[in-house]
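This report refers to the structure that appears directly beneath it.
The values are calculated or read from the model by the stated rules, or taken from the named source; none is laboratory data. Small disclaimer: the values here were computed from a predicted structure and weren't measured. Reconstructed Cβ throughout: ideal geometry from the backbone, glycine too, with neighbour counts over all protein chains shown. In case anyone asks, the SASA skips ligands and DNA or RNA and just uses the protein heavy atoms, side chains included. Shrake-Rupley method; radii C 1.70, N 1.55, O 1.52, S 1.80 Å.
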Amino acid sequence: MAQVSLVNVNKIYPGNVQAVFDANLSIEKREFIVLVGPSGCGKTTLLRMIAGLEDISTGKIHIGDKVVNDIPPKDRDIAMVFQNYALYPHMTVFENMAFALKLRKYPKDEINKRVNEAAEILDIKKYLDRKPKELSGGQRQRVALGRAIVRKPLVFLFDEPLSNLDAKLRVQMRTEIKKLHQRLQATIVYVTHDQTEALTMGDRIVVLKDGVIQQVADPLTLYEKPVNKFVASFIGSPPMNFLDGQIVKMDGKLFFQSGPFRVRVVDAMVPKVAPFENKELTLGIRSEDIYDKLFASISAPDNTIRATCEVVEPMGAEAFLYLRCGHNQFIARVSGHIHPSVNQDLDLVFDMGQAHFFDKATEKAILHV
């Protein structure tokens with residue numbers, strides 16, 4: 001398995017339309033890395049440049065110890081799995097999986113061995129004589145994976161491979177692909193627009209916006225220490241709550257205030273937030289860090305606010321409460337046993353030790369110590 005690195009990679013289309021800006025990324029051997037972001041952010045373009053399906057405008061791409069800018073896709077020793085499976089309908093499962101090996105004139109015994117090994121791993125051995133139209137979506141996706149596995153490439157590239165599957169099957173296939181990575185110890189670059197897929201599958205995640213890499217980190221770091229407001233909003237479900245307001249000083253303490261909403265800045269964050277006294281900034285807080293006062297395990301009178309519950313979304317073991325305090329709206333994730341009435345006022349405790357602050361002008365995080 002090979003390391004992949006991108007050095008100052010740009011992609012500019014005719015008409016001076018730039019899709020990727022100065023991408024720098026190092027993917028380690030055997031790493032499962034996920035490119036994630038909204039539609040049009042450049043993630044598929046990056047993947048296609050690694051594959052050789054898109055030309056690089058400037059910069060270099062290395063696979064192993066080779067610069068592959070001018071090497072055609074077939075000679076890069078990569079295997080790609082597409083969203084639409086790309087199976088030949090007139091061929092059996094065995095023939096689809098063996099096709100690339102036959103083109104490379106592998107011996108028949110070696111082809112049989114590799115196809116059967118891959119079919120065993122993917123649990124599709126009993127379907128080898130069937131044609132794609134006789135398979136379910138999940139089974140077709142396994143065949144597409146098998147066709148990549150038999151190649152034993154340096155790098156696997158996945159382009160939103162689960163987008164065509166229903167929700168239950170997507171969860172199952174996420175697990176299967178992760179198990180496959182652990183078994184093959186392969187280098188995998190995986191593109192998705194689904195942040196849940198990214199968080200559950202990636203060793204590291206690359207978050208992109210408008211062709212620019214915003215942050216590269218492991219899932220927990222992305223969730224707990226986003227570098228800017230975009231990453232904080234994109235990673236996590238429901239998204240992080242954001243409230244615009246001011247830092248004010250009262251009785252020697254710093255508070256974040258936005259209309260009737262006022263919470264105290266915890267001592268550990270004061271050194272970072274103090275320079276913003278009497279200035280505008282944005283408070284960010286996750287829904288699970290807001291508690292109903294009646295059930296809160298922490299007592300924080302300075303961080304307790306009254307809000308009106310406008311909508312309740314029961315989710316089984318938990319519930320999402322859509323709340324309003326003045327002009328501020330936010331979501332709290334609470335136990336499914338809590339059933340407030342619509343328009344009921346609730347006292348809520350904000351765990352400010354888990355709060356994030358963002359510069360309103362640059363949207364960069366004001367990192368807490």
Mind listing whichever residues of region 299-331 are closer than 25 Å to Leu254 by Cα, part of a loop (DSSP other than H, G, I, E, B) and open to solvent by 40 Å² or more (accessible area, probe 1.4 Å)? Ser299, Gly326, His327
Which ones in region 21-73 are in a helix (DSSP H, G or I) and either in contact with a helix residue (DSSP H, G or I) (Cβ under 6 Å, 6 or more places away or on another chain) or open to solvent by less than 20 Å² (accessible area, probe 1.4 Å) (or both)? Lys43, Leu46, Leu47, Met49, Ile50, Ala51, Pro73
Taking region 270-298 as the region of interest, how many residues are within 14 Å of Ile247 (Cβ to Cβ), outside any strand (DSSP E or B) and open to solvent by less than 20 Å² (accessible area, probe 1.4 Å)? 1
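Please enumerate the residues belonging to region 235-255 that are open to solvent by 40 Å² or more (accessible area, probe 1.4 Å) and either in a loop (DSSP other than H, G, I, E, B) or hydrophobic (A, V, I, L, M, F, W, C) (or both).
Step one: list which residues in region 235-255 are open to solvent by 40 Å² or more (accessible area, probe 1.4 Å), which gives 237, 239, 242, 244, 246, 249-253.
Listed by number, the residues that qualify are Ser237, Pro239, Phe242, Met250, Asp251, Gly252.
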Asp302 fails exactly one of (1) closer than 16 Å to Asp351 by Cα; (2) touching a His at 6+ places or on another chain (Cβ under 8 Å), namely (2)
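One residue is enough: does region 196-204 have a residue meeting the conditions within 18 Å of Thr45 (Cβ to Cβ) and either in contact (Cβ under 8 Å) with a residue 40 or more places away in the chain or assigned to a loop (DSSP other than H, G, I, E, B) (or both)?
Step one: of region 196-204, the residues within 18 Å of Thr45 (Cβ to Cβ) are 198.
Remaining after also requiring either in contact (Cβ under 8 Å) with a residue 40 or more places away in the chain or assigned to a loop (DSSP other than H, G, I, E, B) (or both): 198.
So far as region 196-204 goes, yes, one or more of its residues are within 18 Å of Thr45 (Cβ to Cβ) and either in contact (Cβ under 8 Å) with a residue 40 or more places away in the chain or assigned to a loop (DSSP other than H, G, I, E, B) (or both).
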